[in-house]
Amino acid sequence: MSQWESNIRKFYYFKFFTVFNILNPILIFFMLDRGMTMGEILLLSAIQRVIGLIIEVPTGILSDIVGHRYNLMLGTSSFSISCLIFSVSNGFLGFLIAEVFIALAQAFISGADTAFVYESLEMYNAEDQYEKIFGKMRGIQFGVSATLIFVAGFMAQAAWELPFYVAAVFSMIAFGICLTLVEPTKEYRRGERTQKEYYRQYYMTLKNAIKISVQRVEIRWFLIFTAILSLGLVTGEDYFQAYIKEGLGLPVMVSGIIYTILFLVSAVFSNYTSEGIKRLGYEKMFYLIPGMVMITVLGMMVFKHNLVIILFILPYIASGYIPTLISGYLNRRTNPGQRATILSLRQLVKKVVYALGSPIIGYVNDYWGMDTALLMTAVILGVALVLPIIYKKAYSLDYEYTGTGTQATIGTK
């Protein structure tokens, strides 16, 4: 077995131990128990996203220049540090430092893992196996994540610090695996662009993508729509743990069970997204997704009953559909040279809107209560619901456009 084949074998173990979402079902529960308010929690979440936004590209450049293995080492060690800081924190400053390290962990690993696998496969001419191999790795990670999410609530019930210790140990094992990996060789072949030329081209591509997104109404409206939808969806999901703890008075172990079910539901429905979009069409999906999330948010606002937990499934069904819906809509309306950049630009707009909006909702919660904050979230989702109607009437947009390349409808209003 060559060192590059050994890389792939070891990376299966790396993915097994890289399970950042073990904290998902208990983190907000934990911070509320430590005396944090929802306003402070949502502010921390917004700060984490802004930091991630700022360092996403620099960490990607670092990975390309210094090496993907070092990024993976920095990512896993940053997550371990974050977990340990979380476990001893009791106030805003401690949680802020922990969130900064989580942002670093996510940024360092984002893209570096896929690039490392692909380049290792390239070293022995097996890159055509990438989708199959990385799919298996994701499947292993999915199974471990589902198991740990289930037990996280029970661990937290026994001792709040326990899930953080387990997550830190898993991440340090992943760090140890990184030490044994061999960085794929990077060689610039004759006739290829230099790194300086590459980044100059990147700047021009980004500039053109922004221009296109502003000038073309069928893209501009969609970036606005998905950003508002994401604000309502993510904020609504942020309130699940607050509702379980403060609205229903249920113990934290219940949260682990609920999140495991939601995790599995989202995974199952994500496998049927293309069929759902084909049957209903894009336009109906634009109304259905914010509508489902709004039903859940209004249910939490009006009723304080255990049966409302069933409604939590609706936003997770929506989450399963959204990635395919977004990529499908934009892929049909963009050219290959701009497609990936516009998709990245959508992520940028989404994170900026969330960073601006979620702290406001959180502080509404602190001053006027959870029900008022949920009402505000429902209003945001209502805006997302009517936005496709407004733009269709104003610009005669065809949401079911099935051609290739750019759509004929252009607008600068």
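Any read-out appearing in this document is the output of simple, stated calculations on the displayed coordinates, not a laboratory observation. Small disclaimer: the values here were computed from a predicted structure and weren't measured. So basically every Cβ, Gly included, is an ideal-geometry build from the backbone, and we count neighbours across all protein chains shown.
Once each part is reduced to its C-alpha centroid, what is the distance from the range 1-72 to the range 303-327 in angstrom? Cα centroid to Cα centroid, the span is 24 Å.
With each label point set 7 Å from Cα along the Cα-Cβ vector, what nm distance links LEU356 and TRP368? The answer from the label model is 2.0 nm. Applying 0.36 nm per residue to the separation of VAL214 and LYS284 and subtracting their alpha-carbon distance, the gain on full extension is 22.7 nm.
Work through the residues other than LEU42 whose Cβ is under 13 Å from its Cβ and net out their charges, Lys, Arg +1 and Asp, Glu -1. Summing Lys and Arg as +1 and Asp and Glu as -1 gives -4. The peptide list 23-29, 264-270, put in order of mean Cβ contacts within 10 Å with the highest first, becomes 23-29, 264-270. Sort the range 199-395 into rounded, prolate or oblate with this rule: let a ≥ b ≥ c be the square roots of the eigenvalues of the Cα gyration tensor; rounded if a/c is under 1.5, and if a/c is not under 1.5, prolate when a/b is larger than b/c, oblate otherwise. Because a/c hits 1.5 or more and a/b exceeds b/c, the range 199-395 counts as prolate.
Within the set of other residues whose C-beta is less than 13 Å from the C-beta of GLY369, count the net charge using Lys and Arg as +1 and Asp and Glu as -1.
Charge balance near GLY369 sits at -2.
Counting Lys and Arg as +1 and Asp and Glu as -1, what is the net charge of the other residues whose Cβ lies under 15 Å from the Cβ of ASP33?
Summing Lys and Arg as +1 and Asp and Glu as -1 gives -1.
Per-residue ellipticity at 222 nm from helix content only, as computed over the chain with -39500 (n - 2.57) for each DSSP H run of at least four residues, stands at -27000 deg cm²/dmol. Between PHE92 and ARG9, the contour length at 0.36 nm per residue exceeds the Cα-Cα span by 25.8 nm.
The HN-Hα couplings worked out from phi for the range 157-171 by the Karplus form 6.51 cos²θ - 1.76 cosθ + 1.60 (θ = phi - 60°) are 5, 6, 7, 4, 6, 4, x, 5, 5, 4, 4, 5, 5, 4, 5 Hz, whole numbers, x standing for Gly and Pro.
With N denoting the number of residues in the chain, provide Rg(C-alpha) divided by 2.2 N^0.38 Å, to two decimal places.
Working: Rg = 22.0 Å, N = 413, 2.2 N^0.38 = 21.7 Å.
Ratio of Rg to 2.2 N^0.38 Å for the chain: 1.01.
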